[in-house]
Amino acid sequence: MAESNQNTDGTVEEGEDENTEDSNLQMALSAFRAKWMSELQPSSGGKKSVPKTADLKRKQDIAKEGKARELFLKAVEEEQNGAVYEAIKYYKSAMQLVPDIEFRINYSRTPDPDRGGS
């Protein structure tokens, strides 16, 4: 298959330059493929970056859950004090961070003396 290359000025080159450019293109393509395959396959170098990413995501999730826990507990406090609208704001903020935050919190509630809790 004979290929011709067109320069920026519109002239067409054929011959040895075509073979050189073709071999350079093949070398660049081979280098790209090798790099791409090394990124796809887990190796000793690649394994170091994966735990860092997972560890960073885990830390972010813990921080987000901590903030949601703080907001949820603040909402509980506001609700107990009678400020229901303020409590709703805090509940909403907490649930936006962690949708199931109410199931993740282990908080002990003191019995309400008005209800006669034992």
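The values are calculated or read from the model by the stated rules, or taken from the named source; none is laboratory data. In this text the structure is predicted, and so the values were computed from the model without any measurement. Here the Cβ is made from the backbone with ideal geometry for all residues, glycine too, and neighbour counts use every protein chain on show. Keep in mind that these areas ignore ligands, DNA and RNA; they rest on the heavy atoms of the full protein, side chains included. Shrake-Rupley method; radii C 1.70, N 1.55, O 1.52, S 1.80 Å.
Table for the structure above
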| quantity | calculated |
| --- | --- |
| Solvent accessible area, Å² - V84, 1.4 Å probe, full protein context | 80 |
| Probe 1.4 Å - accessible area at R104, Å² to nearest ten | 110 |
| Inter-label distance for A63 and S30, nm, one decimal - labels placed 7 Å from Cα along Cα-to-Cβ | 4.6 |
| Probe 1.4 Å - accessible area at K74, Å² to nearest ten | 70 |
| Integer Hz, Karplus 6.51/-1.76/1.60 couplings in order for region 33-38, x for Gly and Pro | 4, 5, 5, 5, 5, 5 |
